[in-house]
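Everything on this sheet refers to the single structure shown next.
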Amino acid sequence: MKIIVLGTRGIPDVPGGVETHCEELYPVLVNDFNHDITVVGRSCYTRNKNTGMFRGVRLKNIYAPKHKALEAIVHSALAIFYAAVKRPDLIHIHAVGPNLVTPLARLLGLKVVMTHHGPDYERKKWGKMAKLFLKAGERAGVRYSNEVVVISEEIRKGIAKKYGRKDAVLIPNGVSIKARPAFSAAALEHYGLQPYQYIFTLGRFVPEKGFDYLIAAFRESGLSDRFKLVIAGDADHASAYSEALKEQAKAAGVILTGFIKGAALEQLFSNCALFVLPSFYEGLPIALLEAMAYGLPIIASDIPANTQVGLDPEHYFPVGDEAVLTDKLQQFIESGIAGRHIVYDMEAYDWSNIAEKTDQVYRSMM
């Protein structure tokens, strides 16, 4: 089956949850289910590096302006016209913003699968106009896609209530389940770290990730004499918030690694004492699934996206509550659980199972 994918910045090695989702899913669909798949990337992220093939997946760069408000819609519209020329069996559009072009795709005779990764208009970084466009994208995608995939039960309930669409297929995000890598002292020494002597988190530097109050809670916890706080990530587009966060981190002695992937990220995950996810908003966070795959002790905010993975209650805290998070950090460190290996049930998040369910959606459309 010939499939064109859009809605992602690009693959491989482009930071982001949707990007990681596509990077993991589509090679499995190509190699295990014999699909011919092209992933369309945005030129402002993929220029001069993501061309040709990636693990059997074709890569196509199409122009996108490096502009927070315009890049997704401009790129998606151009990608639809590209698909209209190539005439695939179907197109798969990820995230609510890019799905604003779904009616255009249908008018051009294309079959569309939408994956709803979460109501992005709830993110604090967007202004009123951007939120209107994102809500319009959700409405267009849910109403006009041939098939809708959601990554969580919360999203499925939401679109059933708002739009009356009750046939959405639940296929969660996934994570590669693998053994912890062999310890590399050099990888940690690069950041001045010792195994199990740091608390770790990662994500984009945007308000909904909650890194600012995590830094404040860490300072209040009194743990900084024994542990370090490490935050991997950065901002896609510099903002007043991201710059203020970096200044706050610097003042608190927090280690910022920037965007990292591959072996360096594996070492930071596998050797941390504790993983913390303080987000106000998520779809189904791959970072949380990765922490579970590594068997890490975890503290997470009690938003539905986090509670749906079913951690024990003591792993959660009220979202945004700095005082409770401070207490949680102290409790987890003092209890001795930090650094222990915990076995989580990860079967639902295996990419092979996710690819099989996605293949079933594709074949049902034919």
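The values are calculated or read from the model by the stated rules, or taken from the named source; none is laboratory data. It should be emphasised that the depicted structure is a prediction, and the values quoted were computed from it without experimental measurement. Glycine gets a Cβ as well: all are built from the backbone with ideal geometry, and neighbour counts include every protein chain shown.
Listed here are the residues, each with its yes/no results for (1) under 23 Å from E24 (Cα atoms); (2) crowded, with 22+ Cβ neighbours inside 10 Å.
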{"residue": "L265", "(1), (2)": "yes, no"}
{"residue": "L277", "(1), (2)": "yes, yes"}
{"residue": "F280", "(1), (2)": "no, no"}
{"residue": "L284", "(1), (2)": "yes, yes"}
{"residue": "I298", "(1), (2)": "no, yes"}
{"residue": "Q308", "(1), (2)": "yes, no"}
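On the basis of being outside any helix (DSSP H, G or I), in contact with a strand residue (DSSP E or B) (Cβ under 8 Å, 6 or more places away or on another chain) and surrounded by 18 or more Cβ atoms within 10 Å (Cβ to Cβ), does I333 make the cut?
no
A77 versus (1) free of Cβ contacts under 8 Å to residues at least 60 places away in the same chain; (2) in a loop (DSSP other than H, G, I, E, B): which is the lone unmet condition?
Checking A77 against (1) free of Cβ contacts under 8 Å to residues at least 60 places away in the same chain; (2) in a loop (DSSP other than H, G, I, E, B), the one that fails is (2).
Matching residues to (1) buried (at least 16 other Cβ atoms within 10 Å of the Cβ); (2) in contact with a Gly (Cβ under 7 Å, 6 or more places away or on another chain); (3) modelled with pLDDT of 95 or more; (4) closer than 20 Å to L265 by Cα:
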{"position": "S184", "(1), (2), (3), (4)": "no, no, no, yes"}
{"position": "R204", "(1), (2), (3), (4)": "yes, yes, no, yes"}
{"position": "E208", "(1), (2), (3), (4)": "yes, no, no, no"}
{"position": "D212", "(1), (2), (3), (4)": "yes, no, yes, no"}
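May I ask you to list the residues in region 10-23 that are among the charged types (D, E, K, R) and under 12 Å from the mean Cα position of the chain (by Cα)?
Scanning region 10-23 gives E19, E23.
Can you work out which of the residues in region 155-170 that are surrounded by 14 or more Cβ atoms within 10 Å (Cβ to Cβ) and not in a loop (DSSP other than H, G, I, E, B) is nearest to the chain's Cα centre (by Cα)?
Within region 155-170, the match that is nearest to the chain's Cα centre (by Cα) is I155.
How many residues does region 217-234 contain that are without any contact (Cβ under 8 Å) to a residue 24 or more places away in the chain and among the β-branched types (V, I, T)?
Qualifying residue count, region 217-234: 0.
Only one of these is farther than 18 Å from L289 by Cβ, out of contact with any Leu (no Cβ under 6 Å at 6 or more places or on another chain) and not charged (D, E, K, R): I159, I171, I155. Name it.
Exactly one residue qualifies, and that residue is I159.
Among the candidates R47, R55, R87, single out the residue that is modelled with pLDDT under 95 and surrounded by fewer than 18 Cβ atoms within 10 Å (Cβ to Cβ).
Among R47, R55, R87, only R47 is modelled with pLDDT under 95 and surrounded by fewer than 18 Cβ atoms within 10 Å (Cβ to Cβ).
Which one of V276, V309, V319 is touching a strand residue (DSSP E or B) at 6+ places or on another chain (Cβ under 7 Å) and over 22 Å from L193 (Cα atoms)?
V319
Just one of A338, A323, A355 is modelled with pLDDT under 95 and not polar (S, T, N, Q); which is it?
Working: A323 fails: modelled with pLDDT under 95; A355 fails: modelled with pLDDT under 95.
A338 is the lone residue from the list that is modelled with pLDDT under 95 and not polar (S, T, N, Q).
Looking at (1) without any contact (Cβ under 8 Å) to a residue 40 or more places away in the chain; (2) outside the structural domain of F205 (by TED's automatic domain parsing), can you tell me which one I342 breaks?
(1)
Of all residues in region 1-39, which are charged (D, E, K, R) and either surrounded by 23 or more Cβ atoms within 10 Å (Cβ to Cβ) or touching a Lys or Arg at 6+ places or on another chain (Cβ under 6 Å) (or both)?
R9, D13, E19, D36
Can you spot a residue in region 74-81 that is farther than 28 Å from A235 by Cα, crowded, with 22+ Cβ neighbours inside 10 Å and either in the same structural domain as D359 (by TED's automatic domain parsing) or within 21 Å of the chain's Cα centre (by Cα) (or both)?
Looking through region 74-81, none of the residues is farther than 28 Å from A235 by Cα, crowded, with 22+ Cβ neighbours inside 10 Å and either in the same structural domain as D359 (by TED's automatic domain parsing) or within 21 Å of the chain's Cα centre (by Cα) (or both).
In the list V39, V14, which residue meets the criterion of being in a loop (DSSP other than H, G, I, E, B), closer than 26 Å to L265 by Cα and not acidic (D, E)? Spell out how you get there, then give the answer.
Values: V39 fails: in a loop (DSSP other than H, G, I, E, B).
Being in a loop (DSSP other than H, G, I, E, B), closer than 26 Å to L265 by Cα and not acidic (D, E) holds for just one of V39, V14, which is V14.
Output the residues belonging to region 235-278 that are free of Cβ contacts under 8 Å to residues at least 60 places away in the same chain and within 19 Å of P12 (Cα to Cα).
A235, G258, I260 - these are the residues of region 235-278 that are free of Cβ contacts under 8 Å to residues at least 60 places away in the same chain and within 19 Å of P12 (Cα to Cα).
Quick check: is even one residue across region 308-329 among the polar types (S, T, N, Q) and not in a strand (DSSP E or B)?
Yes, because at least one residue in region 308-329 is among the polar types (S, T, N, Q) and not in a strand (DSSP E or B).
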